Amino acid sequence: MRMGFDKSLIEYHGKPQRAFLQDLLSKYCHKVYTSCKTTDAVPISCNPLPDAFNVNSPLNGILSAFQFNNTVAWLTVPVDMPMIDENVIQYLIHHRDSAKIATCFFDSDGKNPEPLFTIWEPNAFDQLLSFYRSGKTSPRDFLKQSTVNIIHVPDVRFLININNKEEWEKFRKDWNQFP
């Protein structure tokens, strides 16, 4: 943990981020799961979905979700993007192309796919497994080589990512500047 503590417990919206996302995503998903290394620290109410693969990468959570159920699309939302809200989720869903492997936004630089806030289609699973079995572990690299619907995010602030204490402190200081 680059933060020194569990990022899912940070309160950006008056409750731990994982609870906020659970509530938010339940409006769009039949059931919301929390990707985790093990179920030890995740309450059963968050529907923990433990890592099933031996890889230290966000790819583990995506693959584990598909191993759990490979007949549905998975909307992945990272716990460290506190600006994600109903508007941007609706925008992503509205622009979904289920004929592609995934639908995602360009990253904040506008050059590469943002792999962690993505709708992954069921037909991605076999290709993700092949990618993993070939020794590759970057979801971004996977998307860059695949047939993906990449769209521009309506506001790059939705993609603000808090990965360390310095970013968290800066975000907390600037938080009231955001609408």
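Couple of notes before you dig in:
- Residues Ser108, Ser134, Ser98, ranked from the fewest to the most other C-beta atoms within 10 Å, line up as Ser134, Ser98, Ser108.
- Two-site FRET efficiency, Asp126 against Arg172, from Cβ-Cβ distance with R₀ of 41 Å, rounded to 0.05: 0.45
- Label-to-label distance, Asp40 versus Ala52, with points set 7 angstrom from Cα along the beta-carbon direction: 2.2 nm.
- Taking other C-beta atoms within 10 Å as the exposure proxy, Cys46, Cys29 rank Cys29, Cys46 from fewest upward.
- Cleavage-rule hits (trypsin sites (Lys or Arg not before Pro)) in segment 1-38: DSSP loop, at most 16 neighbouring Cβ within 10 angstrom: Arg2, Lys27, Lys31, Lys37
- Neighbours of Val55 by Cβ distance under 12 Å: Lys/Arg scored +1, Asp/Glu scored -1, total +2.
- Counting other Cβ atoms within 10 Å as a rough exposure proxy, the listed residues His152, His13 run His152, His13 from fewest neighbours to most.
- Comparing mean-square fluctuations of Gly61, Gly14, Gly110 from a GNM of the chain with C-alpha springs under 10 Å, the top value falls on Gly14.
- Projecting the Cα atoms of His95, Tyr132, Val72 onto the dipole axis of segment 52-133, where Lys and Arg carry +1 and Asp and Glu carry -1 at the beta carbon, places Tyr132 farthest toward the positive end.
- Antiparallel content of DSSP bridges confined to the chain, in %, to 5: 55 percent
- Fully extended contour minus Cα-Cα distance, from Asn112 to Gln67, at 0.36 nm per residue: 13.6 nm
- Under a model in which nothing but the beta-carbon of Lys, Arg (+1) and Asp, Glu (-1) is charged, the chain shows a dipole of about 180 debye around its Cα centre.
Coordinate-derived values only; no laboratory data. Only a predicted model underlies this, so the values are computations on that prediction, with no experimental measurement involved. Neighbour counts run over all protein chains shown; Cβ positions are idealised from the backbone, glycine included.
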